[in-house]
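Everything on this sheet refers to the single structure shown next.
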Amino acid sequence: MSQYSRILVCIDTTPGSTPVIARGRALAEVCGAQLTLLHVVEYQPPLELDYGMIGVPDWGLNEDELVRAAEERLAAIATESGAADALRLVRVGLAKHEIPQYAEETGTDLIVLGSHGRRGIGRLLGSTADSVLHHAPCDVLAVRIKNTD
């Protein structure tokens with residue numbers, strides 16, 4: 001196994017994130033690596049279209065509020081998972097793009113993320129883990145998340 005010095009754990013702030021953080025934390029301890037927890041808020045603001053027919057509805061969403069709420073949830077999950085000392089970061093965009101980009105920017109050695117292992121229509125709709133695996137500048141570890149549905 002390679003010696004990792006920067007491990008990026010990507011989570012979606014759901015209860016399924018706990019085993020992902022645990023795996024990343026264990027690897028960071030073994031390797032003496034810096035641990036970073038990353039959550040990507042996949043909020044896309046409404047487009048301003050001026051067709052003169054129908055206005056864009058106001059969904060009442062504020063990007064700053066979404067980021068602030070994500071930061072609070074990330075801090076809580078980090079504490080609950082025993083990773084309170086990890087660097088925590090929230091970015092806005094598409095996770096499948098933001099994760100490899102951040103890894104490239106920071107010289108990350110290993111990305112750890114969860115995978116639901118969906119098949120069929122769920123798979124056709126897109127898999128963040130699959131996209132990250134194919135675009136990451138480093139090793140990727142996909143931790144199986146048990147579906148609760």
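Side notes on the structure shown:
- With each label modelled as a point 7 angstrom along the Cα→C-beta vector, the Leu87-Ala26 pair spans 2.5 nm.
- Annotation for region 1-33: trypsin sites (Lys or Arg not before Pro) lying in DSSP loop with at most 12 further Cβ atoms inside 10 Å of their Cβ do not exist.
- Under Karplus coefficients 6.51, -1.76 and 1.60, residue-wise ³J(HN,Hα) of region 74-90 in Hz, glycine/proline x: 4, 4, 5, 5, 4, 5, 4, 8, x, 10, 4, 8, 6, 5, 10, 9, 10
A short reminder: the numbers here are calculations on the coordinates, not readings from a lab. Because the structure is a prediction, the values reported are computed rather than measured. As a convention, Cβ positions derive from the backbone with ideal geometry for all residues, glycine included, and neighbour counts pool all protein chains shown.
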